[in-house]
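What follows is a short report on a single structure.
The values are calculated or read from the model by the stated rules, or taken from the named source; none is laboratory data. Not measured: the values here are computed from a predicted model. As a convention, Cβ positions derive from the backbone with ideal geometry for all residues, glycine included, and neighbour counts pool all protein chains shown.
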Amino acid sequence: MSRALACHFCLSTLAQGAPLLERNGAAICKTCADAFSAEFTERAWAMASSLDEQLDVLLVESQRALQHSAVLAERARGCGLSLADLTAMPPRTLS
């Protein structure tokens with residue numbers, strides 16, 4: 001019998017809508033991966049003992065932010081939106 005692959009930490013499954021990252025039969029959902037990434041970044045910053053190490057942390061985070069921005073821009077283009085369209089829209093309050 002095949003069991004559903006679930007996140008090792010929160011036990012979310014694909015059937016529940018969790019985007020899973022899988023490797024060697026183990027999985028982690030994007031939510032848990034993002035939480036661990038944010039926690040690691042905070043710890044890396046706190047543990048950086050020199051200015052060079054702090055700069056390294058900032059560079060890694062900048063690269064991650066640029067990659068995320070590129071992904072969002074590609075998704076917007078896929079929906080027929082441009083950066084000009086998005087910046088012209090009034091800000092919305094989150095509900």
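Is it the case that G17 is on the phi > 0 side of the Ramachandran plot and either at pLDDT 80 or above or surrounded by 11 or more Cβ atoms within 10 Å (Cβ to Cβ) (or both)? Against the criterion (on the phi > 0 side of the Ramachandran plot and either at pLDDT 80 or above or surrounded by 11 or more Cβ atoms within 10 Å (Cβ to Cβ) (or both)), G17 does not qualify. Within the stretch 42-54, does at least one residue satisfy the condition of being among the aliphatic types (A, V, I, L, M), surrounded by 10 or more Cβ atoms within 10 Å (Cβ to Cβ) and either touching a Lys or Arg at 6+ places or on another chain (Cβ under 7 Å) or within 29 Å of L14 (Cβ to Cβ) (or both)? No, there is no match, as no residue in the stretch 42-54 is among the aliphatic types (A, V, I, L, M), surrounded by 10 or more Cβ atoms within 10 Å (Cβ to Cβ) and either touching a Lys or Arg at 6+ places or on another chain (Cβ under 7 Å) or within 29 Å of L14 (Cβ to Cβ) (or both). The numbered conditions (1) over 28 Å from C7 (Cβ atoms); (2) in contact (Cβ under 8 Å) with a residue 12 or more places away in the chain; (3) among the hydroxyl-bearing types (S, T, Y) are all true for T41 except (1).
Take the conditions (1) modelled with pLDDT of 80 or more; (2) exposed (fewer than 12 other Cβ atoms within 10 Å of the Cβ); (3) not polar (S, T, N, Q); R64 misses just one of them, which is (2).
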